[in-house]
Amino acid sequence: MFDPFIAPSGTLLGLLQRGRGDGTLHALAAPRPEALAALNHCVLSDPRHDWQVENRSLYYARLYLDLDGGIEEIERHLGDPDDHLDTEESRTGLALAVLGHLASYGRDDALALLRRYAATGSNWAWALDELALRDDDAGLRSLAVPVLARFGTDAEGSAELATAVRDAFEPRPWRLWADDPREAVGARIRAASEQGSFDRWQRQMRPGGPRPGWSVQAVFDWAQQGLDRGSELHVPAARCLSAVAGPEDRPEIVEAARSGPEGARCAALHYLAEARDPVVLDLIEAAAVGSSRTVADAAVAAFERMCGEAAVDRARCWARRPDALGASAAGVLAGRGGAQDASLVLGALREAVRGDGPDALRLWTLVDGTGRLGIASAAPVLRHVYRETSSSHLRGRAARALAATDPSFATGFAVECLWDCEETTREVAARHAETGDIRVAERLRRLAADPAEEAEVQTAVRSRIGPDASAV
């Protein structure tokens, strides 16, 4: 999937793409055709950089309801001939998830479209999972024949069916179909289920990787073989070293960390870091500036996994470095440093935003760190990250940090966060938003009554509007 184009944060489209609460508020105030056009653009062209972890579907479904929007554009998107040419889940997954939420809210047109797509669409498995949570037994049973028609009756088709049954995210439809009295349905599903269980048992009986009795050198060889295949086995190899290495093996491991082959160096660095060996910090520093990018990355990762005061003390020395190890050191201070490290963490936060923008990966730990350390002077930078980042998860972290550092949060961003796409952000808002704003009181009541809302959010809401709470 290509990186999506994200519109500026001050536009309606940009707000909706980011999943910001202000997106909903602006859409409700905008001309309805303009708001629906922006909403459809988001649903049909997934704006998430990481669509597997960022939430948008409930956010967009609620806006469809608020705007009384139809699903004609979604239907055209799902029925496009491209559906059978571009079969990536990212093309249709968001639209199907939105339909699932709309079906939960009683939209029969969304339920019917999900059924049709499950019968004919390329991403039928996703649609079936949505229906498994929302459809009745009769509706699911009606899909047995068209779904099974996708799989041939030869050996290859039977193997594909067994895989589909085994890997189904929601097993309810398959269990219903297994009880179907028709030979072409129930018997096929039961046979596929048995084959899937047998395949899983076979994989369990053929474990790969280390065996008891391995030597230190054998572990190093295994790590190198994995690297040659494109698999990084540094961390599991380090755990294997913990099981097979004794005090007499330390010189060999230290030497491997200093000058061994890449796979051995990476595994040895992780092992020594986990063991808090006194020599490892110097070895990490040397590896971080070496010629091998693989070893340098492994050295930084090993340092980030280290515990103890020695690692924190060294992080204070490295935090101003302009390389990956310096960035990692700042992250260590953000997560485990003390009040005396506030200036280093704030400096790293500012530098990350200036150098890499509001979506930089290293911002996650730095933003968390400013909140943990209560760095009040970080609030302007945090507000910038909150407004501009296209990552709804990072925005949520910025909201939590602002709640700890910015006195204006309760009357500012916390209000819009009640409409945010991420449930964790809505939870923060429910605990902090100033209830003197009439919009807050009404929104809290609506979240409390919404059956689609997450339990953690509703718990936070009840803490504000329960019988013992006088705020609302």
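Quick notes on this structure:
- Helices (runs of 4 or more DSSP H) completely within segment 355-472 that count 3 or more residues being within 21 Å of Arg48 (Cα to Cα) and open to solvent by 60 Å² or more (accessible area, probe 1.4 Å): 379-388
- Tallying residues that are of a type outside the set (A, V, I, L, M) and either loosely packed, with under 15 Cβ neighbours inside 10 Å or more than 17 Å from Gly139 (Cα to Cα) (or both) within segment 176-189 yields 5.
- When residues of segment 1-14 are limited to those that are in contact (Cβ under 8 Å) with a residue 12 or more places away in the chain and open to solvent by less than 40 Å² (accessible area, probe 1.4 Å), the one farthest from Arg443 (Cα to Cα): Pro4
- Considering (1) touching a Leu at 6+ places or on another chain (Cβ under 6 Å); (2) assigned to a loop (DSSP other than H, G, I, E, B), the lone condition that His101 does not fulfil carries the number (2).
- Among the residues of segment 41-89, those identified as of a type in the set (Lys, Arg) and either at pLDDT below 95 or out of contact with any His (no Cβ under 9 Å at 6 or more places or on another chain) (or both) are Arg48, Arg56, Arg76.
- Flag for Val332 being open to solvent by less than 30 Å² (accessible area, probe 1.4 Å) and touching a Phe, Trp or Tyr at 6+ places or on another chain (Cβ under 9 Å): yes
- Selected residue (only one of Asp129, Asp136 is under 23 Å from the mean Cα position of the chain (by Cα), open to solvent by 30 Å² or more (accessible area, probe 1.4 Å), farther than 18 Å from Arg62 by Cβ and among the acidic types (Asp, Glu)): Asp129
- Matching residues in segment 143-167 - criterion: being open to solvent by 30 Å² or more (accessible area, probe 1.4 Å), of a type outside the set (S, T, N, Q) and without any contact (Cβ under 8 Å) to a residue 40 or more places away in the chain: Pro146, Ala149, Arg150, Gly152, Asp154, Ala155, Glu156, Ala159, Glu160, Arg166, Asp167
- Of all residues making up segment 266-325, the number that are closer than 25 Å to Gln217 by Cβ, β-branched (Val, Ile, Thr) and open to solvent by 10 Å² or more (accessible area, probe 1.4 Å): 2
- Single residue of segment 80-98 satisfying the filter (in a helix (DSSP H, G or I) and either without any contact (Cβ under 8 Å) to a residue 12 or more places away in the chain or of a type in the set (S, T, N, Q) (or both)) that is surrounded by the fewest Cβ atoms within 10 Å (Cβ to Cβ): Pro81
- Filter result for Ala256 (within 32 Å of the chain's Cα centre (by Cα), touching a residue at least 12 places away in the same chain (Cβ under 8 Å) and open to solvent by less than 60 Å² (accessible area, probe 1.4 Å)): no
- Residue satisfying condition, being over 32 Å from the mean Cα position of the chain (by Cα), on the phi < 0 side of the Ramachandran plot and assigned to a helix (DSSP H, G or I), within set Ala192, Ala187: Ala187
- Each residue in segment 109-130 was checked for being touching a residue at least 40 places away in the same chain (Cβ under 8 Å), under 19 Å from Glu72 (Cα atoms) and in a helix (DSSP H, G or I), and 1 pass.
- Selection count, segment 132-147, where residues are under 24 Å from Leu85 (Cβ atoms) and assigned to a helix (DSSP H, G or I): 2
- Pairs where the first residue, in segment 28-54, is of a type in the set (A, V, I, L, M, F, W, C) and the second is exposed (fewer than 15 other Cβ atoms within 10 Å of the Cβ), C-beta under 8 Å, 6+ apart: Leu28/Asp66; Ala35/Leu28; Trp51/Met1
The values are calculated or read from the model by the stated rules, or taken from the named source; none is laboratory data. Nothing here was measured: the structure is a model prediction, and the numbers come from that model. Cβ sites come from the backbone with ideal geometry, for glycine too, and all protein chains shown count toward neighbours. The protein model used for the area step is the full one, side chains on, heavy atoms only, and it has no ligands, DNA or RNA in it. Shrake-Rupley method; radii C 1.70, N 1.55, O 1.52, S 1.80 Å.
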